[in-house]
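Let me begin by presenting the structure, written as structure tokens, before commenting on it.
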Amino acid sequence: MVEGWDPQSIIRRHRGSWGPQSFLAGLAHQGLVSLLAEGMLVHFGKGDVLVREGDVCDGVFLLLSSYVKVSASRYGGGQTLLAVRFAGDVIGEMAAIDGNTRCATVEVCSKEPVAAVRLEGAQFERAVASVPDARRLLLASVVRKLRTSTRRRVDYAKAPVLLQLACLLVEMADEYGHAPRGRSVVIGANLTQVEWGMLIGVSPRTVQRALRELKSAGLIDPGRNRMVVKDVPGLRALFAERL
């Protein structure tokens, strides 16, 4: 916990890294200052757990920097990766809204530390009710997560692996990508082939072949600590034409 922190300086430092469609990015400056001022600034290092599956809700986290992995227990043992959440996202809002226990574990997986603002459930509810547009943006954030989950389970369940991966990359580029130059969009997540495979439900070897094919086509450039999507329209056209 950081004492005596200034929300305005935190916003200046981190706002440029928030995904364009994220909850925090959608708030006007003064509303954002009011929201952050309700909570306390906290930091997490690699391997730290923000929320744990099965625990009672003890707060909501507003991610200011870096990214985290969302995973849940599988029947029969083991964990499966459900999603990756980036700076600008909200963590733990569902349990805060419905009062149920946590449905997933959220863990820091980046070498870059996570900065976040933590609010108690009551603080979060009060702030969302009082900050202009916060309730609408929160609802949009929850709906987007549910829509993405449904799309992966239904719309693309029987699609070839290459198209599933193309769809996933377009979703992540649209929601969390940054475009420092030209057509290329950088997704700042250092995911292993196992984790890319988990996100679409295939083996590491299978996703490796798909990544290699997309790279050979000039659509992506997998690199150290990030994924570069070199041609988002090309990826979008790939699965739009074949589904």
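The values are calculated or read from the model by the stated rules, or taken from the named source; none is laboratory data. From a predicted model like this one, the values you see are computed outputs, not experimental measurements. With ideal geometry, Cβ positions are generated from the backbone for all residues, glycine too; neighbour counts draw on all protein chains shown. Just so you know, the surface numbers come from the protein's heavy atoms only, side chains and all, with ligands and any DNA or RNA stripped out. Shrake-Rupley method; radii C 1.70, N 1.55, O 1.52, S 1.80 Å.
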Ranked by accessible surface with a 1.4 Å probe, highest first, in what order do Asp231, Asp174 come? Asp174, Asp231
Find, to one decimal place in angstroms, the Kirkwood hydrodynamic radius of region 91-230, where the mean of 1/r is taken over every pair of different Cα atoms and then inverted. 17.3
Which parts of region 199-243 would a label at Lys158 reach, counting a residue when its backbone N lies under 17 Å from a point 7 Å out along Cα-to-Cβ? 242-243
Tilt, helix 121-130 to longest principal axis of the chain (alpha-carbon atoms), in degrees rounded to tens, equals 90
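Protein chains only, probe 1.4 Å: how do Trp196, Trp5 rank by accessible area, largest first? Walk me through the numbers before you get to the answer.
Working: Trp196 10, Trp5 50 Å².
Of Trp196, Trp5, the descending order of accessible area is Trp5, Trp196.
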On the accessible surface of the chain, probed at 1.4 Å, how many percent belong to carbon and sulfur atoms? 51
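Please identify the chymotrypsin sites (Phe, Trp or Tyr not before Pro) of region 17-94 that satisfy two criteria: DSSP loop assignment and at most 10 other Cβ atoms within 10 Å. Which are they? Intermediate values should be presented prior to the final figure.
Numbers: sites: Trp18, Phe23, Phe44, Phe61, Tyr67, Tyr75, Phe86; in loops: Trp18, Tyr75.
Loop-located and lightly packed - Tyr75.
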Highest-fluctuation residue, Leu24, Leu191, Leu64 considered, GNM on the chain with Cα pairs under 10 Å: Leu191
Along each of the three principal axes of the Cα atoms of region 1-127, give the extent in whole Å, ordering the values from largest to smallest. 48, 31, 29
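Suppose only helical runs count, i.e. DSSP H with n ≥ 4. What mean residue ellipticity at 222 nm does that imply for the chain under -39500 (n - 2.57) per run, divided by all residues and rounded to the nearest 500 deg cm²/dmol? The partial results should precede the final answer.
Working: 10 runs with 102 residues, N = 243.
So the calculated ellipticity at 222 nm is -12500 deg cm²/dmol.
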In degrees rounded to 10, the 0-90 angle between helix 232-242 Cα long axis and the longest Cα principal axis of the chain is 60
Simple label model, 7 Å out from Cα along Cβ direction - Asn190 to Asn225, nm: 0.7
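Compute the orientation-averaged projected area for the chain from the convex hull of its Cα atoms and round it to one decimal in nm².
On the way: hull surface 53.4 nm².
Taking a quarter of the hull surface, the average projection is 13.3 nm².
Among the trypsin sites (Lys or Arg not before Pro) within region 163-243, which fall in a DSSP loop and have no more than 13 other Cβ atoms within 10 Å of their own Cβ? Walk me through the numbers on the way to the answer.
Working: sites: Arg181, Arg183, Arg205, Arg209, Arg212, Lys215, Arg224, Arg226, Lys230, Arg236, Arg242; in loops: Arg183, Arg224, Lys230.
Sparse-neighbourhood loop trypsin sites (Lys or Arg not before Pro): Arg183, Arg224.
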Pairwise label distance in nanometres, Arg212 with Arg74, each label 7 Å out on the Cα-Cβ vector: 2.3
Förster radius 41 Å - calculated FRET efficiency between Arg183 and Arg205, Cβ distance, rounded to 0.05: 0.85
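Once the piece of chain linking Gln8 and Ser149 is laid out straight, how much longer is it, given 0.36 nm per residue of separation minus the C-alpha distance between them?
Working: separation 141, 0.36 × 141 = 50.76 nm, distance 3.40 nm.
In short, 47.4 nm is gained.
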